[in-house]
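To start, the structure under review is shown below, and the notes come after it.
The values are calculated or read from the model by the stated rules, or taken from the named source; none is laboratory data. In this text the structure is predicted, and so the values were computed from the model without any measurement. Glycine gets a Cβ as well: all are built from the backbone with ideal geometry, and neighbour counts include every protein chain shown. Protein only, heavy atoms only, side chains kept; ligands, DNA and RNA dropped before computing areas. Shrake-Rupley method; radii C 1.70, N 1.55, O 1.52, S 1.80 Å.
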Amino acid sequence: RRENLNRTTSAMSTVGSPHVEETAIIESPIEKVWKVVRPLDFKFLPDVENVEVLASDGDKKQVTSDSVGGLRKIKYKKSTQTVKILEISDINYSITYDLIMAEPAVGFSSAVYTIKLQRVTENGSTFMSWSTDFSNDASQEILQDNKYKKLEGFGALRTHLKKKSTEEQKKA
């Protein structure tokens, strides 16, 4: 049962899988935001040190690095995580990915993340939703940490986009 999951701020359910969703307005056009989000490399986050793009889905069939089944090994300052693209839509500006490995180990069995973008027609900005569905063994502490990491991520994305915009203006 997921009756209370469609809130605009984080929603944590004790019935069914725990769910965290945060939303934000990003003051850039959707095409520019998607260009940064779509590669799923999180290079806009200040604690990402390196991203290795892998083009195998583990079933020994080759997939392109940016298609369903593509893997990312993301090295943060204090951990390394491998994620697998489960769904990607250039039409709907959305990407869903699964955390398949983490070093050090995380305190939950599984987590599926979705980032969705929507165009704000009033002013040309972007509405961004970032959600996570956790396994039932995720603690309230993990859910709260996830909430604040998303909020920090929105801020980092804004900073990254402003920096890119400033660089583009200087070149023009």
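Karplus-based coupling profile of the range 126-136, in residue order and whole Hz: 10, 8, 10, 10, 10, 10, 9, 10, 9, 5, 5, with θ = phi - 60° in 6.51 cos²θ - 1.76 cosθ + 1.60 and x standing for Gly or Pro.
Normalised by the number of residues in the range 45-172, the average gap of Cα pairs under 8 Å and 6 or more apart makes the relative contact order 15 percent. For Gly70, the amide hydrogen comes within under 5 Å of the amide hydrogens of Ile85, counting only partners 5 or more places away or on other chains and with H modelled in the peptide plane. With both labels modelled 7 Å from their Cα along Cα-to-Cβ, the Lys32 to Val68 distance reads 3.2 nm. Apolar share of the accessible surface for the range 25-165: 51 percent from carbon plus sulfur atoms, 1.4 Å probe. Under the 0.36 nm per residue contour assumption, what length would be gained going from the current alpha-carbon distance of Ile100 and Tyr76 to full extension? So the extension gain works out to 7.1 nm.
Starting from the coordinates of the alpha-carbon atoms of the range 72-172, obtain the Kirkwood hydrodynamic radius over all distinct pairs and give the value in Å to one decimal. Here the Kirkwood hydrodynamic radius works out to 15.6 Å.
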